[in-house]
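Novice: Quick one: this structure, given as structure tokens, is what I'll be asking you about.
The values are calculated or read from the model by the stated rules, or taken from the named source; none is laboratory data. Everything numeric in this text was worked out from a predicted model, so none of it was measured. Note that each Cβ is placed from the backbone with ideal geometry, even for glycine, and that neighbours are counted across all protein chains shown. All accessible areas refer to the heavy atoms of the entire protein, side chains included, with ligands and DNA or RNA removed. Shrake-Rupley method; radii C 1.70, N 1.55, O 1.52, S 1.80 Å.
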Amino acid sequence: MTTEATATQLGEHAVVLGGSLAGLAAAAVLAQRFERITIVERDGLPQSRQHRKGVPQGRHVHVLLPAGLQGLAELFPGVLEDLREQGAHVFDARALRFNIAGGSLLVEDADVESVAASRPLLEGIARERVRSLTNVRFAEARDACGLTTTPDRSRVTGVRLRSRTKPGAEQAVSADLVVDATGRGSRSPRWLAALGYPVPDEEQIHVGVHYTTRLFRRPPETAGDWRNVNADIPPGERRGAVALAVEGDRWIVTLVGILGERPPTDLDGFLEYARTLWTRDVHAVIADAEAIGEASTGAFPANVRRRYDRLRRFPGRYVVTGDAACSLNPVYAQGMSVAFGEALTLARVLDRHGLDRVGPRFFRQTKPITGAAWSMATGADLGHPGVDGPRTARWRLLNAYIRRLFSVAHRDPVVADAALKVLGMVNPPQHLMHPRIAWRVLRGGRQRGLPLPAAGEGHDVTGDAVCDDGAAVPDPSAR
Ligand SMILES: Cc1cc2nc3c(=O)[nH]c(=O)nc-3n(C[C@H](O)[C@H](O)[C@H](O)COP(=O)(O)OP(=O)(O)OC[C@H]3O[C@@H](n4cnc5c(N)ncnc54)[C@H](O)[C@@H]3O)c2cc1C
């Protein structure tokens, strides 16, 4: 982490709204730059690895992509050891059974790592790290219900909190900086409107995801050394899945349906759904495994991006981060990585410019992160014919390229490695257009003596994305 600023240099008190991963990451960087930090969280926070109400997605598969792991390790030095000690699997791409576009990526490289663990374990480890910082305090069971400002409303001066345990009790807390990390349901647009500021445009791509998750015991001998097995959703179809090896010798398996398709909850229906996927790999993991507990369900209607970066007027000393600014189709597993990248960017913004125009600077500097993630997720979603959205000529052209790239990546490890590094967010999408990769894609894997794939050959491949900067990225459906 950048540590040009010394503690207390920027102010006396910073308040972070929301104690999930985006909030914890923000608090970690602020703790080095303010005298004290308060994390306001509406839940009571569990001491052990339990689920909690404010993070219902915690019951479903959460894989930490390579970029997210790098970010987490920068935020919390030594966290890899914590993860390993507590049973998380830190794995390289060879432990990945990445089924996409009608085949499995031919993976040989081992130079980037991801994390397979339950969400409560991931969040619990981050929370313990933050709790151990002597200048951070958690204000639990408190609902952030509004902002306070200077009389001219040019600058945020704090927040209003409501107790969840003592109804009616409201408290104003002053702060030199307020960070909204309250997730997708963030009230920042409403609060800004109430203060007379413009609200951000909200972009949405509806995809109608429903998911059902179950846990299974994981006998060590099952599925070889795989830690992550996925089945993407081919265009025109609605079903996919991902299985992740997590602590306690378990698999967590999330079945995904899009455009209204709902995976069943009963065990027989669950197994049958997995059996009907285009690849049998996920079914093979669970067919003979012992199911643990009941199924959990959830829904994700649409990708949502709030364009704070486009606002002409924004109050001083205020920042919005994580899902509160950009909430992405979870099948691409980007959210935590985006949140950690944003926190590290906040550190850089503060170190370079202090609190001067911190919000606008932050939104501008995080645009490459959120923009690339948004383009990947929504561009891939547009590969499904039933998803509404703009499919430009450029998008179609790049889509054809990416379709070919995935065909080649089933047989060419160099192309597979390039694809995985973009999907893992360690490289920007433009890397797939590099002449070294483009040449191999156009040659079509012939260096291995395999025939040149025709565009759209075999199982139809999934879509791609056009980035803000025009680069294409692949469909990382279901990781
Ligand atoms: C089903 C599913 C699966 C996912 N899988 C992955 C994955 O594999 N990999 C990945 O990287 N990402 C995944 N994500 C995304 C990931 O969960 C989020 O991006 C990540 O948790 C960061 O979100 P956040 O901290 O911004 O918001 P959230 O996690 O939504 O947390 C918001 C927090 O704010 C609190 N809060 C809300 N309102 C208030 C208020 N008014 N006052 C005080 N506190 C408040 C909530 O209680 C909560 O603790 C998945 C998401 C879903 C839905």
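Novice: Starting from the coordinates of the alpha-carbon atoms of the range 1-153, obtain the Kirkwood hydrodynamic radius over all distinct pairs and give the value in Å to one decimal.
Specialist: Roughly 17.3 Å, rounded to one decimal.
Novice: Over the range 304-409, what is the relative contact order in percent, taking alpha-carbon pairs closer than 8 angstrom and at least six residues apart?
Specialist: Relative contact order comes out at 29 percent.
Novice: Oh, and also: Lysines near Lys367 by alpha-carbon distance under 29 Å, same-chain residues fewer than 8 away left out - which ones?
Specialist: Within the straight-line cut-off, Lys367 pairs with Lys421.
Novice: Only helical DSSP H runs with n ≥ 4 go in: add -39500 (n - 2.57) per run for the chain, normalise by residue count and round the 222 nm mean residue ellipticity to 500 deg cm²/dmol.
Specialist: Per the formula, -9000 deg cm²/dmol.
Novice: Something else about it: Let me check against my output: what whole-number percent is the relative contact order of the range 193-285, with C-alpha pairs under 8 Å and at least 6 apart?
Specialist: 31
Novice: Could I ask something else about it? For the chain, what size does the Cα cloud have along each of its three principal axes, sorted from largest down, in whole Å?
Specialist: The Cα atoms of the chain stretch 70, 48, 39 Å along the principal axes, largest first.
Novice: With charges only on Cβ, +1 for K and R and -1 for D and E, what is the dipole size of the range 210-270 about its Cα centre, in debye, rounded to 20?
Specialist: 120
Novice: Next question, about the same structure. Using DSSP to call loops (not H, G, I, E or B), can you name the trypsin sites (Lys or Arg not before Pro) in the range 1-102 whose Cβ has at most 15 other Cβ atoms within 10 angstrom?
Specialist: The qualifying sites are Lys53.
Novice: Which percent of the accessible heavy-atom area of the chain goes to carbon and sulfur, probe 1.4 angstrom?
Specialist: After summing per-atom areas, the C and S share lands at 48 percent.
Novice: Select from the range 253-339 those GluC sites (Glu not before Pro) which occupy a DSSP coil region and have at most 14 other Cβ atoms within 10 Å, ordered by residue number.
Specialist: Glu290
Novice: Quick check for you: with a 1.4 Å probe and neighbouring chains kept, what is the accessible area per residue of the chain, in Å²?
Specialist: In whole numbers, the chain has 39 Å² accessible per residue.
Novice: Mean separation of Cα pairs under 8 Å and 6+ residues apart, divided by the residue count of the chain: what relative contact order is that in percent?
Specialist: Across the chain, relative contact order equals 19 percent.
Novice: Between the alpha-carbon centers of the range 64-78 and the range 377-416, tell me the distance in whole angstrom.
Specialist: Using only Cα atoms, the two centres lie 28 Å from each other.
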